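Report on one structure; see the data block that follows.
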Amino acid sequence: MAVPLQHATATPGSLLSQAAQRLQPSATGSISQRARELKAEGRDIIALSAGEPDFDTPAHVLEAAAEAMAKGHTRYTTVGGIPELREAIRKKFQRENGLEFGLDQIVVSTGGKQVIANAMLATIDPGDEVIIPAPYWVSYPELVTFCGGRPVILPSDAAANFVVTPRQLESAITEKTKWLILNSPCNPSGAVYAESDLAALAEILRRNEHVHVLADDIYEHLIYSNVPFRTLASVAPDLSERILTMNGVSKAYAMTGWRIGYAGGPRHLIKAMEKIQGQTTSCPNSVAQWAALAALEGPQDLLADRRRSFMKRRDQVVDALNAAPGISCRKPDGAFYVYPSCAGTFGKTTRAGVAIKDDETFCRALLDETGVAVVHGSAFGIPGHFRVSYAASVEQLSEACRRIHEFCAALRATDGR
Ligand SMILES: Cc1ncc(COP(=O)(O)O)c(C=O)c1O
């Protein structure tokens with residue numbers, strides 16, 4: 001007689017891997033999601049929490065994608081990306097960064113995020129250390145921990161424009177250090193490493209031959225000062241065998257949803273990353289690769305127009321935030337974020353009676369009481385601050401700043417004064 005199968009009730013603990021249990025959801029994603037939910041409930045929300053340009057993908061890129069579909073470019077492609085796109089990336093690295101790569105030193109992935117994930121999966125063994133300057137993009141430490149590595153957080157100082165010093169780097173390196181992650185312009189601080197900053201870090205790296213560098217250049221085209229963008233591999237070409245230079249079309253060309261990122265680096269590393277990609281996602285999206293090709297090879301003057309527009313908004317937001325009681329905001333040189341301090345509001349009470357203890361209570365009360373969504377600084381490793389994305393319309397930004405000002409001006413000392 002057939003005996004019915006007994007299914008043991010699986011507890012989440014027995015199903016989920018330790019790696020999955022270690023992984024935390026993205027704080028920026030959660031806040032943007034909360035803002036969307038509140039909006040759906042009918043609340044008047046201004047979300048300045050997401051990291052994406054509010055511009056549209058350029059028309060010629062859309063046309064290239066439509067043409068790719070019409071031509072039937074809808075099948076699996078070579079794992080590391082179509083040769084045409086890799087050639088365009090090779091030329092981009094040469095033209096804009098002075099870097100020379102062979103096509104077998106370039107990989108295209110599903111967003112810059114997959115490039116970074118593949119690099120970590122390809123290199124991290126349990127206990128390996130990855131030095132991450134703070135404030136940092138939220139995914140770096142999570143990906144390192146997911147791979148069994150140990151993020152070593154290197155806090156940078158607002159007074160030093162959030163740029164880490166060679167001495168700080170040297171003191172963080174141990175024999176277990178595998179990577180340093182350098183992100184310039186930085187999400188969330190907007191800090192830009194000048195050539196002299198990179199040269200000074202390169203000196204330390206020369207003395208530590210086991211340390212590799214992941215240069216995350218995704219905000220390359222969003223710099224507002226006269227300091228030109230430089231990437232480590234061009235400042236220190238002698239270290240190029242230890243540098244993975246990562247970039248993508250998401251931020252520069254307003255193509256976040258197309259999910260195309262890429263990197264150039266040492267052959268053995270690129271090969272290992274491709275192997276992982278081949279067994280996980282096979283290849284990047286075929287149509288999006290043709291779209292990215294059009295972005296890289298097409299007219300580039302739109303970058304300067306958009307940069308000017310972002311710069312105006314940055315200036316508008318910095319001035320308005322500095323006028324709000326308890327807020328202090330430096331003017332960052334790049335990306336589309338500001339990272340002001342809200343420490344001057346701690347110990348005060350909001351109009352609705354909420355005591356502000358830290359950046360998290362500040363951001364939560366701000367969202368609840370004014371509908372403005374920003375991200376608490378502790379999510380990026382430097383508490384006491386918050387991140388504002390100014391990739392929003394001038395009207396939205398001025399209304400958001402007005403609400404922040406009103407919120408701060410209404411704060412009272414907790415004893416009622
Ligand atoms: C610093 C940084 N690096 C990488 C990425 C990943 O970009 P994407 O995966 O859209 O190419 C982001 C996106 O927010 C970022 O802010």
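Derivation of every value follows stated rules applied to the coordinates shown; laboratory data play no part. If you're wondering where the values come from, they're calculated on a predicted model, not measured in any experiment. Quick reminder, even Gly has a Cβ in these numbers, built from the backbone with ideal geometry, and neighbours come from all protein chains shown.
So the values come out like this:
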| quantity | calculated |
| --- | --- |
| Theoretical gain in end-to-end length, Thr78 to Leu62 [0.36 nm per residue, Cα-Cα removed] | 3.5 nm |
| Distant-in-sequence amide H partners of Leu180 (H built 1.01 Å from N, under 5 Å) | Ile131, His212, Val213, Leu214 |
| Segment 394-411 - phi-based ³J(HN,Hα) in whole Hz, Karplus 6.51/-1.76/1.60, Gly and Pro as x | 4, 5, 4, 5, 6, 5, 4, 5, 4, 5, 5, 4, 4, 4, 5, 5, 7, 5 |
| Nearest-0.05 FRET efficiency for Asn322 and Glu175, computed from C-beta distance (R0 51 Å) | 0.70 |
| For the chain, share of DSSP beta bridges that run antiparallel, in % to the nearest 5 | 45 percent |
| Which of Ser30, Ser282, Pro133, positive extreme of dipole for the chain (C-beta unit charges) | Ser30 |
| P(r) of segment 75-297 over all Cα-Cα pairs, binned every 5 Å from zero, in whole percent | 1, 7, 16, 20, 21, 17, 11, 5, 1, 0, 0 |
| Listed residue (Leu367, Ile153, Gly344) projecting farthest to the positive dipole end of the chain, Cβ model | Leu367 |
| Ellipticity estimate at 222 nm from DSSP helix runs (n ≥ 4, -39,500 (n - 2.57)) divided over the chain, nearest 500 | -12500 deg cm²/dmol |
| Reduced Cα scattering model of segment 242-366, Debye log10 I(q)/I(0), q = 0.10, 0.21 Å⁻¹ | -0.58, -1.15 |
| Of all DSSP beta bridges in segment 75-297, antiparallel share, percent nearest 5 | 30 percent |
| Across Lys39/Lys113; Lys113/Lys331; Lys113/Lys178; Lys178/Lys251, pairs whose alpha-carbon gap is larger than 25 Å | Lys39/Lys113; Lys113/Lys331; Lys178/Lys251 |
| Rule-of-thumb Rg ratio for the chain [Cα; 2.2 N^0.38 Å; N residues] | 1.03 |
| Efficiency of FRET from Cβ geometry, Glu52 and Glu203, R₀ 35 Å, rounded to 0.05 | 0.45 |
| Segment 315-340 and segment 379-399: distance between their alpha carbon centers, rounded to Å | 8 Å |
| Chain lengthening between Glu406 and Ser282 when straightened (0.36 nm per residue, less Cα-Cα) | 39.5 nm |
| Helix 195-206 vs. the chain, principal-axis angle (Cα, 0 to 90°, nearest 10) | 60 degrees |
| Degrees, to the nearest 10: 359-370 long Cα axis against longest axis of the chain | 70 degrees |
| Ranked Asp359, Asp333, criterion: other C-beta atoms within 10 Å, fewest first | Asp333, Asp359 |
| Most to least packed among 142-153, 283-294 [average Cβ atoms within 10 Å] | 283-294, 142-153 |
| Cα-based reach from Lys348 at 18 Å (exclusive), listing lysines while leaving out same-chain residues under 8 positions away | Lys357 |
| Protection-proxy order for peptides 309-319, 74-84, each taking the mean of Cβ atoms within 10 Å per residue, highest first | 309-319, 74-84 |
| By average C-beta atoms within 10 angstrom, highest first, the peptides 254-263, 364-373, 180-189 | 180-189, 254-263, 364-373 |
| In degrees, nearest ten, helix 267-280 long axis to first principal axis of the chain (Cα) | 80 degrees |
| Cα principal axis extents for segment 352-410, largest first, Å | 30, 27, 16 |
| Cα centroid separation, segment 13-33 to segment 152-193 (Å) | 25 Å |
| Gain upon complete extension [Ala40, Ala355; 0.36 nm per residue less C-alpha separation] | 110.7 nm |
